[in-house]
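Taking it in order: structure first as structure tokens, then the write-up.
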Amino acid sequence: MAEVLGGPGGELEAALLEKKAAGRKVLIAYLTGAFPSVEGCVALMREVADAGADLIELGIPFSDPVMDGPVIQRASEAALQSGTAPADVLECVRLADVPIPVAVMTYFNPVFRHGLERFASDCSESGVGGVIIPDLPLEESGEWEEIAKGVGVAPILLAAPNAADERLAEVCERSRGFVYAISLLGVTGERDSLSEVASAIAGRLAPMTNLVVALGLGISTPEQAAEACQVADGVVVGSAIVKRVLEDHGSPAELVAAMRAAMDAEKDPHCLLCRAERVTHWFYDDDECWIAECDQCDTPMVVWRSHGMPADEVADRLKAKLESVAIEVYGEKGYWFDPMMRNIPDHFHCHVRPAGGFFGPGSPLATG
Amino acid sequence: MSSARGRFGSFGGTFVPETLIPALEELESAFEESWADSEFRAELDGLLHSYAGRPTPLTEAARLSAELGGPRILLKREDLAHTGSHKINNCLGQALLAVRMGKTRVIAETGAGQHGVATATVAALFGLECTIYMGAEDVARQSLNVLRMQLLGAEVRPVESGSRTLKDATNEALRDWVATVGETHYIIGSVVGPHPYPFMVRELQSVIGCEASQQLGDARPDVVVACVGGGSNAMGIFRGFVDDPRVRLVGVEAAGLGIESGRHGATLSRGVPGVLHGSMSLLLQDEFGQILEAHSISAGLDYPGVGPEHAYLKESGRAEYATATDAEALDAVELLAKTEGIIPALESAHAVAWVAREAVSLPADSLILLNLSGRGDKDVQSIAGYRGSLTDG
């Protein structure tokens, strides 16, 4: 059994273990530290925490980030150009004072230059619970791990999908806070789909550790997050969030909220609506619902992405989305809502039917 | 010299993402096995001889000596090796290893383009797919080498990030390797990078020093001098003499616009310890550990890091490191061209510049062995540009 970790690192680890015990998936949101400014970063940290992140990973920008793809490179370069120092990033952590744990991610040279002891204690004093250093493999990280743990900071280690079992076991043994499972061979950045190696590495790590295993790299959509959580205890989302900050379109918090919802969504593998197969025409789909033609009665229906019944305000929002499809199909006032769930009563869905009728215009049973 | 866990004293090491560890382990054992295998060595020696044109001659630079009024100077003519520089020695060895490991693709970073050309050359020779990363600024100032690489069938990817030079090309090559590590071998071009590269590239370049030592017969150089960017040609020639404490080893770095200007590549002279591109060495960096942009007229010396073994040789005092400015290097090109009929690469011209400056202060009966690491054809256009701007200015 690993020794007790004190300080913010102990709190970070305990908070994540609590989620795991409660069956809640862990959502880790990455932000480039002190970007677009200290104040801007503090605001983003609070928004992301409010939107349902369980942990914030704050990047301390480095001039030569070899594990990062173009998006995080751009944010790092911009942060450095505006003169960001490691102390500014730690200042963000102090100022934001978010109710969830915070870890920092940086490369080894800034840590080394700062001095290992001083860096660890500055982190601890700022309330940083964990540190991720992607260019510090097992061979080189021993000294750092001891120093970090000594001041109550979790050295969060990375597990590579191409590593042998013995090496993964050692990563699990030595990592604290959580185990960062690298979900693909490559650098950070958005990908079209979750890589096949993601579930393999998460599956290999799960029996090796009690800690939370979070998959990171290339996870950018709520669907991918939900898919990753089929095997992992959580996900790290970086480039997709930072891109929204960089390009100033779309709120990072909205994405975090959508991911939260997708990860929390219960799925029943036997439920047809959970499977969301595109067997008929789809009018619309987004992170929380899809609207397709019902294969029984040929009318548009909205289906919640989660198995079960949503809160009233969510149900109202889904009906509003359905209404715009209804107007397109039937024209103004040419329809009525049918919230009755006949065949699948335990997964929220709602039909719109033609005024005065039950079946849609395409159905052989249609009237009029 | 220590190479336990890839360390040279406190320098060296393996500072890379976990993803690259399996590839480095595979490379280390493939290299150790092959280096001890007489068949491999015979194959490599055969290629060095029949393909690369080794041994390269030692040329007596009599007119240069006379011009400088100083001691005897011998040039180790790496400029006469196939592709025009010492880079081919390393690339042939690593390409053979790549084939042994079953890799189908090679990648490389390049500054001046010499290593890129050598990599593209061996890729063509062995039928390997080849991608070369080159800083966009270097693509512009070394356009001839870009064309050569393309002619050899390589894809040249200009790198627009950071300072758009060798450092950034190396970052991009590492990012490629992290994603393609299964089928790709990364041919690092100098004695830099994570273990086993500094050790392996030194061994592959040691042919320069061993050959020179043999060619000298009973003669012993008093001074061995070479330019240092990453430091592979220097390490290669030092290797033949490092065990003889009577031989003075001198590495010459780029002083760029002058050390005091802050625009230079004098890592050993002005750097502080740190980690870049996989190893602990001396680096040009700011107080926060951000890597600074280097500057040199020569793209091959325009690098803010240096091989960890050089940092170790400096710390232990076994080698000494000096500098030459852009202007001194330009003068040295002209000096060697006019006295010996040899146009050196701008990189190698830094070593010539040191000799030009220091020759008079050496005892008259000294013997200087100068590693002429590459030829200057690639630089003629940019030299014309600099000369023009100097005249116009």
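The values are calculated or read from the model by the stated rules, or taken from the named source; none is laboratory data. The structure presented is a predicted model; accordingly, all values stated were derived computationally and were not measured. Don't worry about glycine lacking a Cβ; one is built from the backbone with ideal geometry, like all the others, and counts go over all protein chains shown. Surface accessibility is based on the protein's heavy atoms, side chains included, excluding ligands, DNA and RNA. Shrake-Rupley method; radii C 1.70, N 1.55, O 1.52, S 1.80 Å.
Couple of notes before you dig in:
- Set against the 2.2 N^0.38 Å expectation for a compact globular protein, region B:41-197 has a Cα radius of gyration ratio of 1.13.
- Separation of region A:70-144 from region A:28-46 is 13 Å, based on Cα centroids.
- Most mobile listed residue (A:ALA253, A:ALA228, A:ALA200) in chain A, GNM with C-alpha springs under 10 Å: A:ALA200
- Nearest-0.05 FRET efficiency for B:GLU25 and A:GLU143, computed from C-beta distance (R0 25 Å): 0.70
- GNM on chain A, alpha-carbon springs under 10 angstrom: the most fluctuating residue among A:ALA87, A:ALA232, A:ALA261 is A:ALA87.
- Of the solvent-accessible surface of region A:80-207, computed with a 1.4 Å probe and all protein chains present, 48% belongs to carbon and sulfur.
- Using the alpha carbons alone, the radius of gyration of chain A stands to its Kirkwood radius in an Rg to Rh ratio of 1.06.
- All Cα pairs of region A:1-132, percent lying beyond 16 Å: 62 percent
- Of the solvent-accessible surface of region A:260-308, computed with a 1.4 Å probe over protein heavy atoms with every protein chain present, carbon and sulfur atoms account for 48 percent.
- As a calculated quantity, the FRET efficiency between A:GLN81 and B:LEU147 at R0 = 30 Å, using C-beta atoms, amounts to about 0.35.
- Exposure rule at most 15 other beta-carbon atoms within 10 Å, DSSP loop GluC sites (Glu not before Pro): chain A longest free segment: A:4-265
- Contour excess over end-to-end distance, with Cα ends at B:ARG318 and B:THR104 and 0.36 nm allotted per residue: 73.0 nm
- For region B:210-344, the share of accessible area belonging to carbon and sulfur comes to 47 percent (1.4 Å probe, ligands and nucleic acids excluded).
- Spatially, region B:92-159 and region A:266-324 are offset by 53 Å when compared through their Cα centroids.
- Computed over region B:290-384, the quotient of the alpha carbon radius of gyration and 2.2 N^0.38 Å is 1.17.
- Pairs of Cα atoms farther than 40 Å apart, the protein assembly as shown, %: 42 percent
- Working note: Cα atoms of region A:58-162, range along each principal axis, descending, whole Å: 37, 33, 26.
- Accessible area buried by the pairing of B and A, both sides summed with a 1.4 Å probe, works out to roughly 2900 Å².
- Of all lysines in the structure, the ones whose alpha carbon falls short of 30 Å from that of A:LYS333, not counting any fewer than 8 places away in one chain, are A:LYS319, A:LYS321.
- Residue among A:GLY142, A:ILE182, B:HIS185 farthest towards the positive dipole end of the protein assembly as shown, charges placed on Cβ: B:HIS185
- Taking a straight line from the alpha carbon of A:LYS149, these lysines sit under 27 Å away, with near neighbours fewer than eight places off in the same chain left out: A:LYS19, A:LYS20, A:LYS25.
- The value obtained for region A:141-285, namely the Cα convex hull volume divided by the number of residues, is 149 Å³ per residue.
- Here the spin labels are modelled as points 7 Å beyond Cα on the Cα-Cβ line, and at A:VAL197 and A:GLU328 they lie 4.0 nm apart.
- Average projected area [Cα convex hull, region A:227-368], square nanometres: 10.2 nm²
- Using the Karplus relation 6.51 cos²θ - 1.76 cosθ + 1.60 with θ = phi - 60°, the per-residue 3J(HN,Hα) values for region A:30-45 come to 9, 10, 6, x, 6, 10, x, 7, 4, 5, x, 5, 4, 4, 4, 4 Hz, with x marking Gly and Pro.
- Computed from the alpha carbon positions, the gyration tensor of region A:113-158 leads to an equivalent ellipsoid with semi-axes of 16, 11, 9 Å, biggest first.
- Calculated P(r) of region B:216-316 - Cα pairs past 19 Å, %: 43 percent
- Accessible area per residue for chain B, computed on protein heavy atoms with a 1.4 Å probe, is 33 Å².
- Packing here is the average count of other Cβ atoms within 10 Å per residue, and on that basis the peptides A:337-344, B:304-311, A:28-35, B:145-152, highest first, run B:304-311, A:28-35, B:145-152, A:337-344.
- Each label was represented as a point 7 Å from its Cα along the Cα-to-Cβ direction; for A:ASP285 and B:GLU39 these points are 5.5 nm apart.
- Taking all Cα pairs closer than 8 Å and separated by 6 or more residues, the relative contact order of region A:88-222 comes to 19 percent.
- Between helix A:138-150 and chain A: long-axis angle, C-alpha atoms, 0 to 90°, nearest 10: 90 degrees
- A:ARG278-A:ASP248 FRET efficiency (beta carbon distance; Förster radius 30 Å; 0.05 resolution): 0.35
- For the peptide A:70-81, the mean number of other protein chain Cβ atoms found within 10 angstrom of a residue's Cβ is 1.
- Calculated on the alpha-carbon coordinates, the convex hull of region A:232-278 measures out at 109 cubic angstrom per residue.
- Alpha carbon convex hull of chain B, projected area averaged over orientations, nm²: 17.8 nm²
- Averaging the sequence gap over all C-alpha pairs within less than 8 Å and six or more residues apart, then dividing by the number of residues, gives chain A a relative contact order of 15 percent.
- Comparing A:ALA262, A:ALA355, A:ALA181 in a Gaussian network model of chain A, where Cα atoms under 10 Å apart are tied by springs, the biggest mean-square fluctuation is seen for A:ALA355.
- Taken residue by residue and averaged, Cβ atoms of other chains lying within 10 Å of the Cβ of B:284-293 number 6.
- Counting only residues at least eight positions apart within a chain, or on another chain, the lysines with an alpha carbon under 23 Å from that of B:LYS167 are B:LYS87, B:LYS314, B:LYS378.
- For region A:83-140, projected area of the alpha-carbon convex hull averaged over all directions, nm²: 4.3 nm²
- Probe 1.4 Å, accessible area per residue of chain A, Å²: 41 Å²
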